[in-house]
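Could you have a look at this structure, given as structure tokens, before my questions?
The values are calculated or read from the model by the stated rules, or taken from the named source; none is laboratory data. The shown structure was predicted, so the numbers you read here are calculated from the model rather than taken from an experiment. Positions of Cβ are generated from backbone atoms using ideal geometry, with glycine treated the same way; all protein chains shown enter the neighbour counts. Side chains are part of the model used for accessible areas, which takes the heavy atoms of the whole protein and leaves out ligands, DNA and RNA. Shrake-Rupley method; radii C 1.70, N 1.55, O 1.52, S 1.80 Å.
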Amino acid sequence: MNALQLDWSQLEAVSSVSTSNTFAFCAGEDQLIEFHEGFYNTDISGVEVSNLVFDDSNSSSSSSTSSVSSGSGYFPRSINQRVNTFNSYSYSTTMEVGDYSTFQSHVKSIINTQKPSTTELFMSSWQQSTLKVYDSNYSRFFSFCLKNSLDLSNITLVVFIDYLTYLFKLKPPLAYSTINSHRSMLNQLFLKNQTDIAHDPFITRIITGIHKLLPSSAKYNEIWDANLVFRYLSTINIYPKFTYSSLLHKTLVLCKMFGLARSSDLVKWSFNALKVTADSIKGPVINAKEQRNTKSADISILELTSLEDANLSVCPVRHLATYLRSSSKKRNAKSGDSVFIHADGTPLQVDDINKVVISTLSKSGIDVSKFKSHSTRSAMASLLLSNNVPFHVVKKMGRWKSNDTVGTFYDKKIIGEKSGGFLNTVVQLS
């Protein structure tokens, strides 16, 4: 057993909330500050307003929207506004000067450091693909703020809510997933306040409402035949000789398909925790999407199993075992806990994997102008289900929580589908 806890001898063997108004009182004042849609600041001089959410679960009222009486009526207190006297010599989030023209420049203004190395570390916490989405979303938000004369250095909860409402009302309507990605982007801009605003009860309630009025729909009505990819991959021989890149690329696609994995799953698959046997290779996906979405304590396990001898040319376990042996001498400190690495030892990122998958799909004769990298999950799930693999088995393989998710998004009619068996004929060459 080597330092990385992998049994290379084994590998050798295998490889042969409410939406009402909010309020606050200024200390020493009787004036009520009332917040309506589109209201962003007060007329009280020398005052700074910031949003804090409080739990009303201990309220004596049995109503889910407890209220406080005032001269102008009843106002829910699901959100409390903290009002502080402004001190020009003290730290203030409303008096910042910085470049807010792009998402990345806005984040750098929040970091407020002159050290490039610190900024680089901070920006590296996001995948490049995520930054591209955030940059695109931020461009729309930036225009929204300019149009409404909003202070980009002081994005409040009310601004957040109004922006989500604005996105919801756009024509033609945006997809729910697009609006939700805007929510995620905006949440990053609250890092300074150490506030997970995206999961604020008020925001969550609004997002739930949007989801009900704009339910997610499947991107595809039909899906490509996974056999096309297996037939193509079977022509790429890695025995007895192979290049590192060809082995890496073939192994990536096989793992993504047979593991019903996202590209991000392969990036976060733990190398040091892999368990290798002659029949399977499995390991945890660190901070998997299903864990982030549900806050579940369950560990997401990505597992691959061996195929019969007739299908060794596309056996994911055989190829991954060979790849692990081949990459062992290329691993270094930069490799970290990543399973898949470049020849220089640096980890592959989501964009790298997507490019490999898209290239493979294209060479297999699949229309990549329509079908992208993530479509491998639907293609593989549909192939398994069409060949009578039990529904609960496919659901477990894809690590899906809901039957509806599988039925709506991943069980599709296969384009040009023909009757026949699975696995033994999956790479049947014409």
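Would you be able to say whether some residue in the stretch 304-311 is at pLDDT 95 or above, of a type in the set (Ser, Thr, Tyr) and either open to solvent by 70 Å² or more (accessible area, probe 1.4 Å) or assigned to a loop (DSSP other than H, G, I, E, B) (or both)?
No - not one qualifying residue is present in the stretch 304-311.
Could you grab me the full set of residues in the stretch 342-381 that are touching a strand residue (DSSP E or B) at 6+ places or on another chain (Cβ under 7 Å) and modelled with pLDDT under 95?
First, the residues of the stretch 342-381 that are touching a strand residue (DSSP E or B) at 6+ places or on another chain (Cβ under 7 Å): 347-348, 375, 378-379.
Passing the criteria: Ser375, Ser378, Ala379.
Could I ask something else about it? Regarding the stretch 148-161, can at least one residue be identified that is among the polar types (S, T, N, Q), at positive phi, modelled with pLDDT of 85 or more and open to solvent by 20 Å² or more (accessible area, probe 1.4 Å)?
Let us first name the residues in the stretch 148-161 that are among the polar types (S, T, N, Q), namely 148-149, 153-154, 156.
Next, only the ones that are at positive phi stay: 149.
Remaining after also requiring modelled with pLDDT of 85 or more: 149.
The next check asks that each one be open to solvent by 20 Å² or more (accessible area, probe 1.4 Å); those that pass are 149.
The answer is yes; a qualifying residue exists.
From the list Leu274, Leu266, which one is in contact with a Cys (Cβ under 7 Å, 6 or more places away or on another chain), closer than 23 Å to Thr346 by Cα and at pLDDT 95 or above?
Numbers: Leu274 fails: in contact with a Cys (Cβ under 7 Å, 6 or more places away or on another chain).
One residue alone meets the criteria, Leu266.
I've got another one for you. Could you run through the stretch 346-373 and say how many residues are closer than 18 Å to Leu131 by Cα, open to solvent by 50 Å² or more (accessible area, probe 1.4 Å) and not charged (D, E, K, R)?
The qualifying residues number 1.
Being under 30 Å from Val158 (Cα atoms) and in contact with a helix residue (DSSP H, G or I) (Cβ under 9 Å, 6 or more places away or on another chain), is that true of even one residue in the stretch 221-228?
no
Residues to consider are Lys250, Lys256; find the one that is surrounded by 14 or more Cβ atoms within 10 Å (Cβ to Cβ), among the charged types (D, E, K, R), in contact with an Asp or Glu (Cβ under 9 Å, 6 or more places away or on another chain) and modelled with pLDDT of 90 or more.
Lys256
Just to check your reading of the model, which residue among Thr130, Thr119 is β-branched (Val, Ile, Thr) and open to solvent by less than 30 Å² (accessible area, probe 1.4 Å)? Talk me through it step by step, then tell me what you get.
Details: Thr130 fails: open to solvent by less than 30 Å² (accessible area, probe 1.4 Å).
Step by step, each of Thr130, Thr119 is checked, and only Thr119 is β-branched (Val, Ile, Thr) and open to solvent by less than 30 Å² (accessible area, probe 1.4 Å).
Another question about this same structure. For the stretch 169-224, how many residues meet the condition of being at pLDDT 85 or above, under 19 Å from the mean Cα position of the chain (by Cα) and in a loop (DSSP other than H, G, I, E, B)?
1
How do the pairs read when you match residues in the stretch 243-254 that are among the aromatic types (Phe, Trp, Tyr) with residues anywhere that are part of a helix (DSSP H, G or I), using Cβ under 7 Å and keeping only pairs 6 or more apart or on different chains?
Partner pairs satisfying both residue conditions: Tyr244/Ser326.
Listed residues Val426, Val389, Val406; which is assigned to a loop (DSSP other than H, G, I, E, B), buried (at least 18 other Cβ atoms within 10 Å of the Cβ) and at pLDDT below 90? Give the steps one after another, and end with the answer.
Details: Val389 fails: buried (at least 18 other Cβ atoms within 10 Å of the Cβ); Val406 fails: assigned to a loop (DSSP other than H, G, I, E, B).
Result of the check over Val426, Val389, Val406: Val426.
Looking only at the stretch 225-247, how many residues end up being open to solvent by less than 70 Å² (accessible area, probe 1.4 Å), modelled with pLDDT of 90 or more and part of a loop (DSSP other than H, G, I, E, B)?
Qualifying residue count, the stretch 225-247: 3.
Additional query: Answer yes if at least one residue in the stretch 249-256 is among the polar types (S, T, N, Q), part of a strand (DSSP E or B) and under 27 Å from Ala333 (Cα atoms), and no otherwise. Before you say what the answer is, go through the steps one by one.
Going residue by residue through the stretch 249-256, those that are among the polar types (S, T, N, Q) are 251.
Filter once more, so that each one left must be part of a strand (DSSP E or B): none.
Looking through the stretch 249-256, none of the residues is among the polar types (S, T, N, Q), part of a strand (DSSP E or B) and under 27 Å from Ala333 (Cα atoms).
In the stretch 110-123, what residues are of a type in the set (Ser, Thr, Tyr) and modelled with pLDDT of 80 or more? Before the answer, list the steps.
Pass one, the stretch 110-123, residues of a type in the set (Ser, Thr, Tyr): 113, 117-119.
Result: no residue meets the conditions.
Find all pairs meeting these conditions: Cβ atoms under 7 angstrom apart; at least six residues apart or on different chains; first residue within the stretch 94-113 and small (Gly, Ala, Ser); second residue outside any helix (DSSP H, G or I) and at pLDDT 75 or above.
Matching pairs, first to second residue: Gly98/Ser153; Ser105/Asp99; Ser109/Asp99; Ser109/Tyr100.
Return the residues of the stretch 348-384 that are under 28 Å from Ser124 (Cα atoms) and among the hydrophobic types (A, V, I, L, M, F, W, C); say none if nothing qualifies.
Within the stretch 348-384, Leu348, Val350, Ile353, Val356, Val357, Ile358 meet the criteria.
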